[in-house]
Amino acid sequence: MKNVILKHKHDRKYKDGYLVLEEADILEQDAINEGERFVLKSHEGDVLGLFYYGKQNRGAGFKIGSDLDVRLETSYFKQLFEAAKNERESLYNAEHTNAFRVYNGEGDGLGGFTVDNYDGHFLIQWYSKGIYQYKDEVVESLREVFQYTTLHEKLRFDHNVPTHRVSEENVEFPIIIKENNLFYTIHFEDGPMTGIFLDQRDVRSKIMTLPLEEGQSMLNLFAYSGGFSVAAAKNGMETVSVDIAKRSLELIEQNFALNEINIDQQLLYTMDVFDMMKYCKRKRMRFDLIVIDPPSFSRAKKKRFSVKDNYDELIEGALSILNQNGYMVLSTNASNFTLAQFKKMINETLEGRRYEITDVMGLPKDFKTTSHYKPSKYLKVVFVKILD
């Protein structure tokens, strides 16, 4: 068995069960291939668990467990999937929703990959070459545990490989999924995304029930396929959706049509969101709900955006065009920005204003997380009502 030795005094978190080996903690290691199992040891020689080797972000591998004899074979993955399936029984039986996460990496026992269900069409997302070495075992286990219609895969570690079908069964995209009795267009093979962010399901549901009156207005920044806009429109709101990508407008229009939403009451813009907020202020456009869900990091032309450095600017821009007693839905999926840090930034930005935090939300239950790896709880959503 290969070994990895930690630097002196870098073992505490691993003794507490931390699941990802961070490269910065490594003192020395044997020659290890992607996917190969190894024993993690402290500087003093204490055994801290069995891991598999897989480069991902700043990590070098994921913990398998304490038993050094475990092998990543079909029976192992089958056990993981059966446990994950049992925990999601209510979603399998739900009539209002048929798209959700089937297996969520480290939250369900082993990190490095996820599996999503889109009305019977399954999508595996691989995040490292290491775990991809076990593709055959994972695919065989999925076949034995689940009754899917088709199976596709995305190689997140190699963006040059397009999403492709693994199963013999085929499907013609786009397909239509149902979520909280609303409908959305899904396409696995059209770019890196699928057409909807499944982790925001509970937030879209919350927007559908906000205490807003018929005809009030909503601004959806970074709209992508318009999931928040569809939910707001079904809550009787007139919506304005903004995204810098022209492709997004087509997706939004398709989703409005699927849900029989009057497109004449919904406005769509291809524009930088900061320019859009200036435009709204100039045109005296005001809103009762503004949703802000930016990427963690982006770069367009000479503009650079990161959640840590620039989110407060988005809030300040939104405040200038938000009606009294209006809501802001502030969301981030930046795993390196904790909920405490996010709320601190919100409170500091709103200093001097009268406001109320009405809800704080995170990942839905199918995106299972673990206390042994806090970055797994990446989604943070704060609902703020501005009272003045």
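The values are calculated or read from the model by the stated rules, or taken from the named source; none is laboratory data. The model shown is predicted, which means the values in this text are computed figures rather than measured ones. Glycine also receives a Cβ, built like all others from the backbone with ideal geometry; neighbour counts cover every protein chain displayed. Accessible surface areas use protein heavy atoms only, side chains included; no ligands, DNA or RNA. Shrake-Rupley method; radii C 1.70, N 1.55, O 1.52, S 1.80 Å.
Considering each of 332, 338 in turn, give the residue that is open to solvent by 50 Å² or more (accessible area, probe 1.4 Å), outside the structural domain of residue 101 (by the TED database) and free of Cβ contacts under 8 Å to residues at least 60 places away in the same chain.
338
Would you pick out the residues in region 317-329 that are crowded, with 20+ Cβ neighbours inside 10 Å and of a type in the set (Ser, Thr, Tyr)? Before the answer, list the steps.
Taking region 317-329 and keeping what is crowded, with 20+ Cβ neighbours inside 10 Å, we get 317-318, 321-322, 326-329.
Once the filter is applied, which keeps residues that are crowded, with 20+ Cβ neighbours inside 10 Å and of a type in the set (Ser, Thr, Tyr), region 317-329 yields only 327.
Please work out if residue 325 is without any contact (Cβ under 8 Å) to a residue 12 or more places away in the chain and of a type outside the set (Phe, Trp, Tyr).
Considered against the rule, which asks whether it is without any contact (Cβ under 8 Å) to a residue 12 or more places away in the chain and of a type outside the set (Phe, Trp, Tyr), residue 325 comes out as no.
So that you can scan it fast, the table gives a plain yes or no per residue for (1) modelled with pLDDT under 95; (2) surrounded by fewer than 19 Cβ atoms within 10 Å (Cβ to Cβ); (3) assigned to a helix (DSSP H, G or I):
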| site | (1), (2), (3) |
| --- | --- |
| 351 | no, yes, no |
| 363 | no, no, no |
| 366 | no, no, no |
| 369 | no, no, no |
| 375 | yes, yes, yes |
| 384 | no, no, no |
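Take the conditions open to solvent by 10 Å² or more (accessible area, probe 1.4 Å), in contact with a Ser or Thr (Cβ under 6 Å, 6 or more places away or on another chain) and at pLDDT below 95 and apply them to residue 189. Does it pass?
yes
Out of 115, 47, 39, report the one residue that is open to solvent by less than 20 Å² (accessible area, probe 1.4 Å) and assigned by the TED database to the domain that holds residue 9. Lay out the reasoning, then the answer.
Working: 115 fails: assigned by the TED database to the domain that holds residue 9; 47 fails: open to solvent by less than 20 Å² (accessible area, probe 1.4 Å).
None of the others qualify; the one that does is 39.
Checking the conditions here, which among 54, 65, 61 is small (Gly, Ala, Ser), loosely packed, with under 15 Cβ neighbours inside 10 Å and modelled with pLDDT of 95 or more?
65
So residue 100 fits all but one of (1) open to solvent by less than 10 Å² (accessible area, probe 1.4 Å); (2) under 15 Å from residue 163 (Cα atoms); what number is the exception?
(2)
Among (1) assigned to a helix (DSSP H, G or I); (2) farther than 19 Å from residue 286 by Cβ; (3) modelled with pLDDT of 95 or more, which single condition is residue 358 missing?
(1)
Can you tell me which residue within region 123-176, out of those that are surrounded by fewer than 21 Cβ atoms within 10 Å (Cβ to Cβ) and of a type in the set (Phe, Trp, Tyr), is nearest to residue 105 (Cα to Cα)?
So the residue we want is 157.
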